[in-house]
Amino acid sequence: MSGQAPHLLICYDASDRAKHAIKVAGRLFPGATATVLHVWEPVEHIVARYAVLAPYLGEQVDEADAGAERDSHTVAQEGADLATQAGLHANAESVTLQMSVWQAVIEAANQLDPDVVITGTRSLHGIQELLVGTLSHALLQHCRVPVLAIPAPETAADTGR
C-alpha cells in the first residue's frame, strides 16, 4: 500500500456480524475504497443437493435464480450503502457461488486485487467449527492477500451480564 487509500474487499451477507465488520472497517480505514461483496447460490445448486425439491421447482429454477441474483445485488448495495455511511468510498459487487463461499471470495479477490479482505466471524467453537468450518478460517488459510477477521461485538450473553 503506497500513499494512496487502501482498497478493501468486504464480505457481506446482511448479518449483524457483517454490518459490524463494515463499521469497524470504516473506523480502521477512513476514506478507503471498498468493494462490498455478496455471494449468492443458484437455486439449481440447492436443488442438486436436495433432489427431493426438483419435482416442485421444475422449470421455475431459472426464474428463481434470476430473483436470487437480483436479491444478491440488493444485499450487496445495502452493504455498500452502510460502508459509505461508515466513511468508505464503496461500491457493490455480487458473485455467483460455484463451489464454496470462500472460493468465490478468493476468486473475487484475485480479480479485484484488494489490499485486504475483511470478513466478520461466526464465533463457532470446538467440534462445530471443525465440522462446519468458517469463511474467515478458510480465507486465512487460502487467500493470497491479508485477511482481517472482525470478531462479533461482545454481547451481554457473552459476558454473563
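Coordinate-derived values only; no laboratory data. Since we're looking at a predicted model, the values are computed, not measured. Virtual Cβ from ideal backbone geometry, glycine too; neighbours counted across all protein chains shown.
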Quiz item: Sorted by packing (mean other beta-carbon atoms within 10 Å per residue), highest first, where do 76-85, 105-114 land?
Solution: 76-85, 105-114
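So, by mean Cβ neighbours within 10 angstrom, what's the order for 23-35, 7-19 with the highest one leading? Numbers along the way, then the final one.
Details: 23-35: 18.7, 7-19: 21.5.
Sorting 23-35, 7-19 by mean packing, highest first, produces 7-19, 23-35.
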Quiz item: Once the piece of chain linking His142 and Glu107 is laid out straight, how much longer is it, given 0.36 nm per residue of separation minus the C-alpha distance between them?
Solution: 11.5 nm
Quiz prompt | Note, ³J(HN,Hα) from phi for region 142-150, Karplus 6.51, -1.76, 1.60, rounded to Hz, x at Gly and Pro | solution = 10, 7, 7, 10, x, 10, 10, 9, 8
Quiz prompt | Residue-by-residue Karplus 3J(HN,Hα) for region 105-110, coefficients 6.51, -1.76, 1.60, Hz, glycine and proline x | solution = 5, 5, 4, 5, 4, 5
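Report the full-extension gain for the segment Leu28 to Ala68: residue separation times 0.36 nm, less the Cα-Cα distance, to one decimal in nm.
Full-extension gain reported as 11.2 nm.
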